[in-house]
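The values are calculated or read from the model by the stated rules, or taken from the named source; none is laboratory data. For clarity, every value in this text was computed on a predicted model and none was experimentally measured. Don't worry about glycine lacking a Cβ; one is built from the backbone with ideal geometry, like all the others, and counts go over all protein chains shown.
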Amino acid sequence: MTALKHQAPHAEVFGVGGPALHAAGMRIVVDSATIAGMGLVEARDKLGALIRTYRQLKQILRTEPPDLLILIDFPEFNLRLAKVAKKVGVPVFYYISPQVWAWRKRRVHTIAKRVDRLAAIFPFESAFYAAHGCSVEFVGHPLVDRVHPTRSREDTFQQYGFDPTRKLVALLPGSRSQEVHSLLAPMLGATTVLGDAYQFVVAAAPTLAMEELHRHTQATSVRVIQNDTYNLVHAADLALVASGTATLETALLERPMVIVYRLTPFTYFLARLLIDVPFIGMPNLIAEQRVVPELIQGQVTPDRIAEEARRLLTDAQAYSVARAGLREVRRRLGGGGAAARAAALVVEMLTPKD
C-alpha cells in the first residue's frame with residue numbers, strides 16, 4: 001500500500017484491512033479482524049462474518065466497480081470475488097498468490113481463468129503457475145525488506161540483562177491466542193528439560209495479551225518481552241518457532257530453529273488429506289531440503305523439542321549446516337524491493353493501453 005501510494009499518489013484504495021492499512025492510506029470497508037480465522041475448523045466461527053463480507057464486496061463490484069481488484073492470499077474467499085470481478089469486467093491482480101502448489105492443486109486452473117496477473121513471493125511459484133497458463137512474475141518476498149535487527153546482540157543482552165555466559169533460546173509461540181494455547185506449554189516444558197544451562201525469552205507478538213503470557217510463564221524463569229522480536233531472535237542462539245510467517249522471519253535473521261506445528265485433531269486430519277508438500281516449514285520448502293527440524297502434532301512434546309534444540313545447541317557442525325542452509329533461503333527470497341515491484345505491476349495494470 002505504501003509503495004503504491006508512492007508510485008500512484010492519487011490512487012483511491014478501499015477494501016478489507018486493519019489499522020496498518022488504514023494508516024497507509026486505505027479506506028477500510030471491512031475490518032479484517034472480524035473475518036480472520038485459523039485453520040479449517042477454527043474459521044467456522046467467522047462464517048457469518050465471511051458471508052456478509054462477501055455479499056458486501058460483491059455488491060460493490062457490481063454497482064461501483066473499481067478499476068482493479070487486488071487479492072491477497074485467502075483463495076477460498078478471494079477466488080469467488082475474482083469470479084464476480086471477471087463477470088463485470090474488473091481486472092484482477094493477485095499479490096501473495098495462493099499456495100495451491102501445496103494443496104488442492106486443481107485450483108490453479110480456476111486462477112488461470114479468473115486472475116489477470118499474479119505476483120509470486122516464493123521462487124518456486126513462478127514455474128508452477130506459468131506451467132498452468134497464468135501470467136506470473138516473481139517479485140521477491142516483502143519480509144526481506146522488513147526483517148532486520150536494530151541493535152547488536154551485545155546491546156540486546158545488555159538492555160535486557162541477559163547472562164552473556166549462557167546461550168539464549170527465544171520462544172515464538174505464534175501471533176494468535178489459539179497458537180499460544182496449543183504450543184506455549186510444550187515449549188515451556190522443553191525449557192525445563194533443557195535446564196538452567198540456558199536462558200529463555202518469549203518474543204511475544206504485539207497481537208498477544210501479556211496477561212495471558214505471564215500466566216503461562218509465572219512459575220518459570222522464562223522472560224516475556226513484547227514488540228522486540230527481531231532483536232531478540234537476532235540475539236538468540238536458537239529459536240523455538242510456531243510454523244508460519246515467524247519461521248521465515250527467523251530464517252531471514254539466519255537463526256537456527258525448531259519448527260513446531262499442532263492443530264486440533266480434526267483440522268489436522270483434514271489437512272493431511274488435502275496438503276501435499278514434503279515439509280511444513282517454509283524455510284525447508286524454500287531450501288527444498290530439511291534445513292531445520294520440524295515437529296508435527298504428537299511430536300510436539302517437551303522432550304522432543306528439547307532433544308532437537310539440544311542437538312543444535314551442542315553440535316557445532318549441525319548448527320553451522322543449519323546457518324548455511326538459512327543463508328541460502330535468504331538468497332532465494334530475493335534482494336528486497338518486493339512491495340515496489342508489486343506496486344509497479346498494479347500501476348501498469350491501471351495504465352490505459354493505447
Boolean, E249 is farther than 29 Å from L285 by Cβ and in a helix (DSSP H, G or I): no
Identity of the residue in the stretch 196-246, acidic (D, E) and assigned to a loop (DSSP other than H, G, I, E, B), that ends up modelled with the lowest pLDDT: D196
Subset of the stretch 122-141 [of a type in the set (A, V, I, L, M) and crowded, with 21+ Cβ neighbours inside 10 Å]: V136, V139
Residue in the stretch 307-318 that is part of a helix (DSSP H, G or I), over 15 Å from L240 (Cβ atoms) and in contact (Cβ under 8 Å) with a residue 60 or more places away in the chain present: no
Qualifying residue in the stretch 126-144 (condition: closer than 30 Å to Q199 by Cα, among the aromatic types (F, W, Y), in contact (Cβ under 8 Å) with a residue 40 or more places away in the chain and touching a helix residue (DSSP H, G or I) at 6+ places or on another chain (Cβ under 8 Å)): no
Residue match in the stretch 278-299 (condition: modelled with pLDDT of 90 or more, among the β-branched types (V, I, T), assigned to a helix (DSSP H, G or I) and out of contact with any strand residue (DSSP E or B) (no Cβ under 6 Å at 6 or more places or on another chain)): yes
Per-region count, the stretch 60-89, residues under 14 Å from V16 (Cα atoms) and assigned to a helix (DSSP H, G or I): 5
Conditions (1) touching a helix residue (DSSP H, G or I) at 6+ places or on another chain (Cβ under 9 Å); (2) surrounded by fewer than 18 Cβ atoms within 10 Å (Cβ to Cβ); (3) modelled with pLDDT of 95 or more; number of the one not met by T63: (1)
Search result, residues across the stretch 34-59 that are among the β-branched types (V, I, T), at pLDDT below 90 and either farther than 16 Å from G18 by Cα or more than 24 Å from the chain's Cα centre (by Cα) (or both): V41
Test: residue in the stretch 177-189 that is of a type in the set (S, T, Y), closer than 18 Å to L295 by Cβ and either modelled with pLDDT of 95 or more or not in a loop (DSSP other than H, G, I, E, B) (or both): yes
